[in-house]
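Please read the structure below before turning to the comments.
The values are calculated or read from the model by the stated rules, or taken from the named source; none is laboratory data. Please read these numbers as outputs of a predicted model, since none were measured by experiment. When we count neighbours, we look across all protein chains shown, and the Cβ atoms used for this are built from the backbone with ideal geometry, even at glycine.
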Amino acid sequence: MCDKIPEEKLVAFADGDLSASESQEVSKHIDHCESCRAMVEALQQSIELAKVSWAAEQAKWPKWRKADGPKLNRWPVARVLAVAASILLLLGVGLVWRLLSEPGKSALNGKAIARLERTVIRVGAAAQMLAVADMLANQPGGRDYARERYKEIVTGYSDTEYAAQAKLRLKML
Amino acid sequence: MSEKEAVENVRVDDVFRERVELFQRVAVGMGLSAEQGEDVLQDVYLEVLQRPPKFQGIEEAARWLTRVTINRCLSEFRRRKRHGQKAREMFQRWVERERAQVRPDQQVARSEQMQAVREGLGQMSELLRAPLVLKYYCGLNSSEIGEILELKPGTVRKRLCDGRIVLAKALLQRGIRP
């Protein structure tokens, strides 16, 4: 590319943004300047190819109905379940370890297993309820539902650590 | 309802849903796949629902959403550090799609050109890429781009010009005549 026409002007020419007189001036120049002509052609061609590649990528996107917004249920639900499963696993492992390590209780008896099961189920239920309420609290119309669930955790699962978290959420709602 | 009330009642999540195609274009243009882009837009939407900011009007809300989308795309890039790999993957998919439709001689030429442009886009600085996408794929003018990216219109025009030159030179430097 020669230096007689500034790059900015060539770009504006390629985009058709120049005035008639300026456009004529550039036209005359590129008639006999091969490097500038090649640059103008490359400017036009490259942006068209970029648009084609962007459009091809966008065609792969799932269609969203405007009324719905993004499909919010894909990763949040997966994440909620993953978190809940992790909590349950950790709790289960922790409780089994505690029971096994207690003096005089080298093996789990029936009573201990039943206690373990009850605890895991209650804590797990509280964890799941809190996770679902958190997710719904931010959805349109979900705030009331979330408030009820938080209250339920505070009153019905007060022996779990999630009661304190639910209490905090209620204050923030 | 008075105009003031109408302005105060702008719901950002409504604006997001109404203009979701614009934000898709931003994500695509910034180089994200459909899956990555969907995750990014979900994050933006959740942020809007969790902490809905207040705006003076719909256009201001749309500009803010566009800016948030761009920033999220950049974070996604930095997290994955896959610019080069992504460009190659996208190019391969494009080649496979086009192969069935174009004559062999045209195929070679177009593939080379597209590869050059893909590489040009992949290597382009984020500072140049964002204005380019907003103008040529989202149809915004320099002033609107300046408000979104918090740049002066003159700076936007300079970056647009630089971005175009980078892409064009990507074609020319590979010895490809358009």
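If we scan the stretch A:130-145, do we find a residue that is within 25 Å of B:ARG11 (Cβ to Cβ), in a helix (DSSP H, G or I), modelled with pLDDT of 80 or more and hydroxyl-bearing (Ser, Thr, Tyr)?
Within the stretch A:130-145 (the criterion being within 25 Å of B:ARG11 (Cβ to Cβ), in a helix (DSSP H, G or I), modelled with pLDDT of 80 or more and hydroxyl-bearing (Ser, Thr, Tyr)), the answer is no, since none of the residues qualifies.
Which residue pairs have Cβ atoms closer than 6 Å, lie 6 or more positions apart in sequence or on different chains, and pair a first residue in the stretch B:111-131 that is more than 12 Å from B:MET30 (Cα to Cα) with a second residue that is basic (Lys, Arg) and surrounded by fewer than 22 Cβ atoms within 10 Å (Cβ to Cβ)?
Here the result reads B:ALA116/B:ARG174, each pair linking the stretch B:111-131 to a residue that is basic (Lys, Arg) and surrounded by fewer than 22 Cβ atoms within 10 Å (Cβ to Cβ).
For the stretch A:1-61, give me every one of the helices (runs of 4 or more DSSP H) that falls completely inside it and has 1 or more residues that are surrounded by 18 or more Cβ atoms within 10 Å (Cβ to Cβ), touching a Lys or Arg at 6+ places or on another chain (Cβ under 8 Å) and away from chain B (no Cβ under 13 Å).
So the answer is A:20-32.
Sort through A:ALA38, A:ALA12 and tell me the only one that's out of contact with any Gly (no Cβ under 6 Å at 6 or more places or on another chain), within 19 Å of B:PRO131 (Cβ to Cβ) and modelled with pLDDT of 90 or more.
So the residue among A:ALA38, A:ALA12 that is out of contact with any Gly (no Cβ under 6 Å at 6 or more places or on another chain), within 19 Å of B:PRO131 (Cβ to Cβ) and modelled with pLDDT of 90 or more is A:ALA12.
Taking only the stretch B:16-47 into account, find how many residues are more than 9 Å from every other protein chain (Cβ to nearest Cβ), surrounded by 21 or more Cβ atoms within 10 Å (Cβ to Cβ) and aliphatic (A, V, I, L, M).
So the answer is 3.
Spot the failing condition for B:ASP162; the list is (1) within 7 Å of chain A (Cβ to nearest Cβ); (2) closer than 21 Å to A:LEU10 by Cβ, and only one is missed.
Here B:ASP162 clears every test but (1).
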